[in-house]
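Beneath this line is the structure, given in structure tokens, with notes to follow.
Since every read-out is calculated from the coordinates, none of them should be taken as a lab result. Predicted model, so just to flag it, every value in this text is computed and none were measured. No Cβ is skipped: glycine too gets one built from the backbone with ideal geometry, and neighbour counts run over all protein chains shown.
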Amino acid sequence: MLSFFVSAIIYYLAAVLAVAFFTLMERKVLGYMQIRKGPNKVGLAGVPQPFADVMKLFAKEQAKPTLANQLPFLGAPGLSLLLALILWALYPSLNSSACFSLGILMFLCVSGLNVYGTLMAGWASNSKYALLGALRAIAQTISYEVSMALIILTVIFFSTSFNLSSLSSPQMVVWFLFFLSPVMLMWLVTILAETNRAPFDFAEGESELVSGFNVEYSSGGFAVLFVAEYSNILFMSLLTAAFFLGANSNFGLSSPLLFMVKIMLVAFFFLWARGTLPRLRYDRLMSLTWKTFLPVILGAICFLLPLVLAKW
């Protein structure tokens, strides 16, 4: 039990540090996509830039709107960050995830609570722009959670386990990517919508909502909200690598380092989508999940279930 708590704390600290450098990676990638350098003035090639950003954000004064509901307004970023960091206890290793035989169910429960942080931030700000952004995010997240749960169910059919640590064994010979590629494509679109990332970033649509649900946040509150968002992005990348790219195995060989490379490749997909795709219309986003993904994944489950039952 002690080793579990120690490993969990290490994972939380490592996740926060990874988020800091992921923001640097994002700015660099977007810079080169737009034919410019990106951050390169602070230290060597801009590497200390995340630490400079943290110092700047937390040294600034925290604005407190007079009409805001102060307690939930200040508590919303902390709740979002807490829920984002709890997920990292599920990191598939011998020390942590071994205690979570139903880790995938825990992920679904915790990810379902993420909307409350966004709702609190939007409602407590007492701003019409923040409230509209929060309502958009809630409708979007809840809608895509249905497709996400069904996609995860297809992976569970083949892995026959709810434990993230057990996903390596069924993929020792062939990754799920090779025979579940349509499901993986739907999963990639779903995690973009779940994390409110471009081209589905309607929760913070700058063109019509200024900055969406976080419009009233500055300095530390703003930083904490975005640490939570980027932490969720990295964890979704981890799940993608575990579900479809062989987890920490590579055709019979176990390699945690290779697992991290897979996670970063999926994280790069988030940045690639942001630098490439324009923002969709909101009605098309909702139609995509209810009229396309839901029927397709239900049909896939109806097709795969007899095969899985016949196998066992």
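Taking all Cα pairs closer than 8 Å and separated by 6 or more residues, the relative contact order of the stretch 2-311 comes to 23 percent.
For Tyr116 and Ala310, a Förster radius of 41 Å and the Cβ-Cβ distance give a FRET efficiency of 0.45, rounded to the nearest 0.05. The magnitude of the dipole of the stretch 2-311, with charges of +1 and -1 set on the Cβ of Lys/Arg and Asp/Glu and taken from the Cα centre, is near 520 debye. For the stretch 273-312, pairs of C-alpha atoms spaced more than 11 angstrom apart make up 71 percent of the total. Counted residue by residue at 0.36 nm each, then reduced by the alpha carbon distance between them, the extension gain from Phe269 to Ser255 reaches 2.9 nm.
Which of the trypsin sites (Lys or Arg not before Pro) found in the stretch 233-312 are loop residues per DSSP with 12 or fewer other Cβ atoms within 10 Å of their Cβ? Show your work: numbers first, answer last.
On the way: sites: Lys262, Arg274, Arg279, Arg281, Arg284, Lys291, Lys311; in loops: Arg279, Arg281.
Filter output for the stretch 233-312: Arg281.
Quick check: from the Cα gyration tensor, does the stretch 160-312 come out rounded (a/c under 1.5), prolate or oblate? Verdict is oblate for the stretch 160-312.
When the chain is fully extended, how far beyond the present Cα-Cα distance does Lys64 get from Ile9, taking 0.36 nm per residue of separation? It would help to have the intermediate numbers written out before the result.
Working: separation 55, 0.36 × 55 = 19.80 nm, distance 3.12 nm.
Gain in length upon complete extension: 16.7 nm.
Let me know the volume per residue of the alpha-carbon convex hull for the stretch 2-311, in Å³. Don't skip to the end; give the middle numbers.
Details: hull volume 43.6 nm³, N = 310.
Output value, Cα hull per residue: 141 Å³.
Straight-distance candidates among the lysines for linking to Lys291, with alpha-carbon spacing under 26 Å and chain neighbours fewer than 8 residues away dropped, are absent.
Ranked from largest, the principal axis spans of the Cα set of the stretch 156-239 equal 50, 25, 16 Å. Most tightly packed first, judged by the mean number of other beta-carbon atoms within 10 Å of their residues, the peptides 46-52, 176-182, 242-248 read 242-248, 46-52, 176-182. Candidates Asn40, Ser168, Val227 compared by Cα position along the dipole of the stretch 2-311: farthest toward the positive end lies Asn40, with charges placed on Cβ. The stretch between Leu17 and Thr292 holds 95.2 nm of extra length on full extension. This uses 0.36 nm per residue minus the Cα-Cα distance. In summary, the lysines within cross-link reach of Lys56, defined as a Cα separation below 21 angstrom excluding same-chain residues under 8 places away, comprise Lys28, Lys41, Lys64.
Semi-axes, largest first, in whole Å: what does sqrt of 5 times each Cα gyration tensor eigenvalue give for the stretch 24-156? Please report the intermediate quantities before stating the final value.
Details: eigenvalues 175, 132, 58 Å².
Listed largest to smallest, the semi-axes of the stretch 24-156 are 30, 26, 17 Å.
Would you please classify the overall shape of the stretch 80-196 from the alpha carbon gyration tensor, given that a ≥ b ≥ c denote the square roots of the eigenvalues, rounded means a/c under 1.5, and beyond that prolate means a/b larger than b/c while oblate covers the rest?
Details: a/c = 3.27, a/b = 1.73, b/c = 1.89.
Here the stretch 80-196 falls in the oblate category.
Okay, helix-only estimate at 222 nm for the chain: each DSSP H run of n ≥ 4 adds -39500 (n - 2.57), divide by all residues, round to 500 deg cm²/dmol; what do you get? Each step should come with its number before you reach the end.
Details: 11 runs with 203 residues, N = 312.
When only DSSP H runs of four or more count, the value is -22000 deg cm²/dmol.
Taking label positions 7 Å along the Cα-Cβ direction at both Tyr32 and Arg284, the computed distance is 2.9 nm, reported to one decimal.
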